Amino acid sequence: MQDITELDLHYLDWNAPGFAANPWPEFEKARERHPWLARTDQGYAVFDLKAIRDLMVQDDALRPSFDGIVDIMECRGSPWGRFAEEQMIALPDAEHRFLRNAFARKFTPRYANQLRPIMRETMERLLAEWTPREKIDFEEFASYYPIAVTAQMVGAPLSVIPGLRKSMETMGLAFSMDKTRVPDLDAAFEHLDAFAHDLLARRRAEPREGEDADLLDMLIEAGAEGNVGDRQLADLIIFLFVAGYDTSKNVLTYMMHLMIDNPSIYKRCADDLEYCRRVVEETLRVFNPSSAFRAATSDIEYCDVRIPAGTMLFFNLNVAGHDAKLFADPDRFDPDRPIVAENRHVAFGMGKHMCLGQYIARAQLQEGIHLVARHMHAPHADGEPGWRPFPGVWGIKGLPIEFTPA
Ligand code: HEM
C-alpha cells in the first residue's frame, strides 16, 4: 500500500494553452505513469473509467468540495461564493436527501417523455428563426434550446431567455478556477437570483392546480412540507437552470462537431429518432463536459493506494470514455458500438449526486439532433472552433458552420 503523495504521477497542466482543445494525449501520458491517477495544481485527477465507477460511489468517504473551490477562487461569502457552497449538490446529507427525494419523484423517464412535445416545439421555433441564415455559430444557436425548455418547465415567460442566457454563460465559467472572474460571477448570480425570487412571488400569487400544476408548484409544495425557505427555493431554481444549461448545450454542440465528419450518421439522425438514442449515448462516451470535485472525508484505500482524508479528487468524467483497454479504437465515433453495462459512460456521474436531469437531458439531445438534422442539411465547418476552459464545464466555445436549409 502506498500513500497517494508518494506516487510518481504525471502532472496535468490543464490551464496550459491548447490543453482544453485536445486533452486526450496528456491523459494518455498520465496513464503510462499510473493506471488511474494524475497530479494537478489543485489535487489529484482520477481519469480511468473503472476507478471512477469504483470510487465515486463511495459517498460515505467523499463529499462534493465546493468550499474548496470557493477557497481557490477566494470568494467566501460573496453572492456567488455563498451560492456555490449552499447549492443543492453541496448541502449537508440530510438536506440534500430531502431535496433529492422531492425532485426524484418528478424527474422520471415518464416526465422526460411528457416534455418531448415542448422540446420539439422549442427546437422547431429556433430552427425557423436560425435556419434561413445558412451560416451560424451553432453553439450560440444550441444555447437557447435548454434554457427555453427549462423556462417552460417552471412556467417562466420566454422573454426572460436572453437575460438568463447571458448570466448562465458567465456562471458556466465558474469552475475554471480563475478568481478574476468572481465579480462577473457575482453579478450573474444576482441577476438569476432576482429572476428566481420574482418567479416564486408570481406563482405564490397565482398558484396552478391539478393538471396545470408544474415543476414550480411541486417545488413550492415540497418547500412548504420540508420547511424550505425562499432563499433555498430560489437557489434550487437557479441550480436547475445552471445544471441543465451548458452541460446540454456543450453536448449538442459537440454532437454537431462530430456530425460534420460523419455525414451518413447525420443523415440517419434525420430519418430515425430511435437511432438518435444511440448517437447521443456514443457522443456522451467520446465527449462530455463534466468533472466532479470531491474531498475525501475519511481515508480511502483503493488498488494499493491510500488516499488520506482531506485529499481533493477531480473525477474526469469528461475523458473517461477514451480508454483503449475498454473500447476498441476509442477515438472513433461509432453509434453502433455495443454498449456493455460495466463500460457504460459516466457522463451523468455516479453515486448519490448522479444527475437528476439525465432523462430530460437525453430526451432533449435526441429530439434536438433529430430536428436539427432534418432542417440543416450538409453542415460543414466555417472556421475553427474555440474551447472553454478545462476542467470546468468544458466544451466548444464557438462552432461556426455553414449548411443548406431544408
Ligand atoms: C448532457 C447534459 C447533462 C450532463 C452531462 C449532466 C451531468 C451531471 C453530472 C456529472 C452531475 C453530478 C455532479 C457531481 O456528482 O458532482 C449532475 C448532477 C445534477 N444534474 Fe445534471 N447533467 C446534464 C443535464 C442536466 C439537466 C438538463 C438537469 C435538469 C433539468 C440536470 C440537473 C442536475 C441536478 C439537479 C444534479 C444534482 C444532483 C444531486 O446533487 O443530487 N442536469 N449532472
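Summary of values
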{"item": "Any hit, the stretch 72-83, residues being away from the ligand (no atom under 13 Å from the Cβ), closer than 15 Å to Gly43 by Cβ, in contact (Cβ under 8 Å) with a residue 60 or more places away in the chain and in a helix (DSSP H, G or I)", "result": "yes"}
{"item": "Answer residue from the stretch 257-296, given it is among the polar types (S, T, N, Q) and within 15 Å of the ligand (Cβ to nearest atom) and is modelled with the highest pLDDT among those", "result": "Thr283"}
{"item": "Residues (outside any loop (DSSP other than H, G, I, E, B) and either within 16 Å of the ligand (Cβ to nearest atom) or surrounded by 12 or more Cβ atoms within 10 Å (Cβ to Cβ) (or both)) located in the stretch 329-348", "result": "Asn343"}
{"item": "Breaking point among (1) in a helix (DSSP H, G or I); (2) more than 12 Å from the ligand (Cβ to nearest atom); (3) surrounded by 12 or more Cβ atoms within 10 Å (Cβ to Cβ), for Tyr111", "result": "(2)"}
{"item": "Flag if Ala142 is at negative phi, within 14 Å of the ligand (Cβ to nearest atom), modelled with pLDDT of 95 or more and within 20 Å of the chain's Cα centre (by Cα)", "result": "yes"}
{"item": "Number of positions in the stretch 349-363 that are open to solvent by 10 Å² or more (accessible area, probe 1.4 Å) and assigned to a helix (DSSP H, G or I)", "result": "8"}
{"item": "Flag for Asp214 being within 16 Å of the ligand (Cβ to nearest atom) and open to solvent by less than 10 Å² (accessible area, probe 1.4 Å)", "result": "no"}
{"item": "Segments classed as helices (runs of 4 or more DSSP H), wholly inside the stretch 114-228, with at least 1 members that are touching a His at 6+ places or on another chain (Cβ under 9 Å)", "result": "116-130, 138-153, 161-171"}
{"item": "Pair list, Cβ under 8 Å, 6 or more apart: the stretch 346-371 residue under 17 Å from Lys249 (Cβ atoms), other residue basic (Lys, Arg) and more than 8 Å from the ligand (Cβ to nearest atom)", "result": "Ala347/Arg285; Arg362/Arg277; Ala363/Arg116; Gln366/Arg277; Glu367/Arg116; Glu367/Arg120; Leu371/Arg120"}
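The values are calculated or read from the model by the stated rules, or taken from the named source; none is laboratory data. Note that the structure is predicted; figures quoted are calculated from it, not measured. FYI the Cβ positions are ideal-geometry reconstructions off the backbone, even for glycines, and counts take in every protein chain you see. Areas reflect the complete protein model, heavy atoms only, side chains present, ligands, DNA and RNA absent. Shrake-Rupley method; radii C 1.70, N 1.55, O 1.52, S 1.80 Å.
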